[in-house]
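Notes to accompany the following structure.
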């Protein structure tokens, strides 16, 4: 904005983005009052509209402050200024009633307690002292309690808690930070917490103190949070952690730890400034941190990293403050039946967690929208999403093009969906594996919630190419019901496009080079793909490189029984597996199946980077089965930590215009090293470095013009590969695009589907 000549000036300003429910209008009131300006502000369906009148210099100064000093939770996505004729007003600045109607106003995610609320929580003189549900315009529940927009108390689960006189006075006072704070409450009028026995009886005494004592005694407590239930136990008690694992039937999958503060987190992990900023952000994600000692706390995590989070609600702050002798760090893992979504209701928790939880810390505020914890990996001063959910959803991803009316249905595992509204993509929270009936119902419920919250009308639908994905079937059913066109998009192209959209690449830009590495996805040739090198963009693509297909005896079962893939790799590499897995009764029939060379329908093949990781890990360790999908790559990366590397051979061949990496010489060398007694850590490091070298070689050969390279797919949740491949490609002069706003895994794939469908729709309209 340019400086104006002295005189009177009036402007109209429209701001789009996350500007409702964050104290934006009181902020405007204060800025205007400080400068003696007149005007008004109101919420609109698209954001906030305000007018200012007064001295030209003061108006300009106010506009500068609005842009540079907005409330901490506000996200300004658009800012337009219109000059108006002055009216001669001098009556001060007022807040007007919200403008009703359809539009693109945004719902906020749930946010952790702000510093001011934390001070009140800990102040014995404050009327909200130790009240587990205090909040203000800068923090508190949003999405989890919201039934519909606009974001008014009547449209939330706080509607059943009428404000007391004191809270109503704060709510109406523009000078307070609780002005129009919709969930505002106190002990006199708001929700309450209480403890239940496993039989559902309310236990006497202070519920927080009771829960702390239960945790201190080594017992397991089910805790109702903002987006669902967690199971908690003392993180420093190995006996308690192992008891939790046994009861939850979760023998090895890492457990997240809730720490009272960043200092407590430093007892477990390395916490630098970037990590601390992530931990203490209002979003309160689980942050995947490096352990102080890679071998420490094996009961919590068998690898060299640990997921850590800080309290996301006042209730969790109180639970970990140690005032009743409770631990300051507790395991905090989602409370659910394996494969099912997180539990929402008190009665459901009592039924589903019978025999698991010894005590239930609950409350009487309804959770309207389920929302799991977000999980991020610190990287290059920012973070990579491994799971995008609480604290981030439903905040949309801004796009450089319109995706109006595009509804993308995502993948089947780590499922999510995306709805397009203007230049915004509204991604659902993390949902999970749709093969589970309860999770599929959660997918449908979340879809219905988004259609209530956002005034988005579907015009075109888009789904994965795989006909058996349940997300595909949901899209097909909607297409039949509505008559809307349905586009089917190849899995890895969608990953590729997701990375482009995540980086704000305009629709007309390109071409780009894509490295898309994951577990499996159906190719247009009917075979399973999974380690792909692509050229193109939103408008089209071609396959330039890939991996030699791996025979997978039993198909999808290989994702957990990784020893099957190990047998396949060894046999294909010329190794006679006489000593491999001799204790497994299925060994002989599997070898017979592999000998048929994929001619049997029971033996699929896949050019999968994920399955290659699985098989190599099982070759190194002799382990047959994993506890959870994706475990082998995690453990392989941890095994390689700090080890010397090995030089392994690379081999390529051409097939139907596709340059394929032949992994057989690599596997043969690994088997020779194993026989020679080379340390497992060195082999693991050598394998990872060989894949990084392979990626660089493919890019040098297939991307000679150094097109910008987009890295996507679940394999790029591996920090070592992400960093090493990025660095190698950057050294060649190639610009590298990585994910920062959505996950590189299947959860982020719906963004790519949406971007492709939007680009194709725009092309047809031209």
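Might you let me know whether segment 342-352 holds any residue that is assigned by TED's automatic domain parsing to the domain that holds residue 246, surrounded by fewer than 18 Cβ atoms within 10 Å (Cβ to Cβ), out of contact with any strand residue (DSSP E or B) (no Cβ under 9 Å at 6 or more places or on another chain) and at positive phi? No, that holds for no residue. All of (1) surrounded by fewer than 17 Cβ atoms within 10 Å (Cβ to Cβ); (2) touching a helix residue (DSSP H, G or I) at 6+ places or on another chain (Cβ under 8 Å) hold for residue 535 with one exception: (1). So, residue 365, is that one at pLDDT 95 or above and out of contact with any helix residue (DSSP H, G or I) (no Cβ under 8 Å at 6 or more places or on another chain) or not? The answer is no for residue 365. Applying the criterion of being assigned to a helix (DSSP H, G or I), in contact (Cβ under 8 Å) with a residue 60 or more places away in the chain and touching a strand residue (DSSP E or B) at 6+ places or on another chain (Cβ under 8 Å) to the residues of segment 653-700, the residue that is nearest to residue 613 (Cα to Cα) is 695.
Quick one: is residue 678 surrounded by fewer than 19 Cβ atoms within 10 Å (Cβ to Cβ) and in contact with a helix residue (DSSP H, G or I) (Cβ under 9 Å, 6 or more places away or on another chain)? Spelling it out, residue 678 is indeed surrounded by fewer than 19 Cβ atoms within 10 Å (Cβ to Cβ) and in contact with a helix residue (DSSP H, G or I) (Cβ under 9 Å, 6 or more places away or on another chain). Would you check if there is a residue in segment 540-561 being assigned to a loop (DSSP other than H, G, I, E, B), farther than 25 Å from residue 615 by Cα and at pLDDT 95 or above? Looking for residues that are assigned to a loop (DSSP other than H, G, I, E, B), farther than 25 Å from residue 615 by Cα and at pLDDT 95 or above, one finds none in segment 540-561, hence no.
In the set (1) in a loop (DSSP other than H, G, I, E, B); (2) surrounded by fewer than 21 Cβ atoms within 10 Å (Cβ to Cβ), residue 170 fails one condition alone, (1).
The set of residues from segment 454-495 being within 20 Å of the chain's Cα centre (by Cα) and either surrounded by fewer than 22 Cβ atoms within 10 Å (Cβ to Cβ) or more than 19 Å from residue 760 (Cα to Cα) (or both) comprises just one member, 471.
Assess whether residue 650 counts as being closer than 20 Å to residue 562 by Cβ and either in contact (Cβ under 8 Å) with a residue 40 or more places away in the chain or crowded, with 17+ Cβ neighbours inside 10 Å (or both). So residue 650 does not fit the description; no. Residues considered: 753, 760. Of these, the only one that is modelled with pLDDT under 95 and either assigned to a strand (DSSP E or B) or under 30 Å from residue 434 (Cβ atoms) (or both) is 760.
Let's see how each residue does on (1) assigned by TED's automatic domain parsing to the domain that holds residue 610; (2) under 23 Å from residue 548 (Cβ atoms); (3) surrounded by fewer than 22 Cβ atoms within 10 Å (Cβ to Cβ); (4) touching a strand residue (DSSP E or B) at 6+ places or on another chain (Cβ under 6 Å):
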position: 639; (1), (2), (3), (4): yes, no, no, no
position: 644; (1), (2), (3), (4): yes, no, yes, no
position: 711; (1), (2), (3), (4): no, yes, no, yes
position: 721; (1), (2), (3), (4): no, yes, no, no
position: 728; (1), (2), (3), (4): no, yes, yes, no
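What about residue 526, is it outside any strand (DSSP E or B) and assigned by TED's automatic domain parsing to the domain that holds residue 692? Considered against the rule, which asks whether it is outside any strand (DSSP E or B) and assigned by TED's automatic domain parsing to the domain that holds residue 692, residue 526 comes out as no. Checking the structure you have, find out if any residue of segment 68-87 is surrounded by fewer than 16 Cβ atoms within 10 Å (Cβ to Cβ), modelled with pLDDT of 95 or more and part of a helix (DSSP H, G or I). No, because not a single residue in segment 68-87 is surrounded by fewer than 16 Cβ atoms within 10 Å (Cβ to Cβ), modelled with pLDDT of 95 or more and part of a helix (DSSP H, G or I). Entry remark, segment 496-519: residues being surrounded by fewer than 24 Cβ atoms within 10 Å (Cβ to Cβ) and either over 20 Å from the mean Cα position of the chain (by Cα) or part of a strand (DSSP E or B) (or both) number 7 in total. Filtering 663, 624 for residues that are within 28 Å of residue 545 (Cβ to Cβ), touching a helix residue (DSSP H, G or I) at 6+ places or on another chain (Cβ under 8 Å) and not assigned by TED's automatic domain parsing to the domain that holds residue 296 leaves a single hit, 663. If the condition is being in contact with a strand residue (DSSP E or B) (Cβ under 7 Å, 6 or more places away or on another chain) and either surrounded by fewer than 22 Cβ atoms within 10 Å (Cβ to Cβ) or farther than 19 Å from residue 617 by Cα (or both), then segment 550-571 contributes only 555.
The set of residues in segment 121-145 being surrounded by fewer than 24 Cβ atoms within 10 Å (Cβ to Cβ), in contact with a helix residue (DSSP H, G or I) (Cβ under 9 Å, 6 or more places away or on another chain) and more than 16 Å from residue 224 (Cα to Cα) consists of 121, 122, 126, 127, 128, 129, 130, 136, 138.
The values are calculated or read from the model by the stated rules, or taken from the named source; none is laboratory data. Everything quoted here is computed from the prediction, not taken from an experiment. Ideal geometry is used to build each Cβ from the backbone, glycine not excepted, and the neighbour counts take in all protein chains shown.
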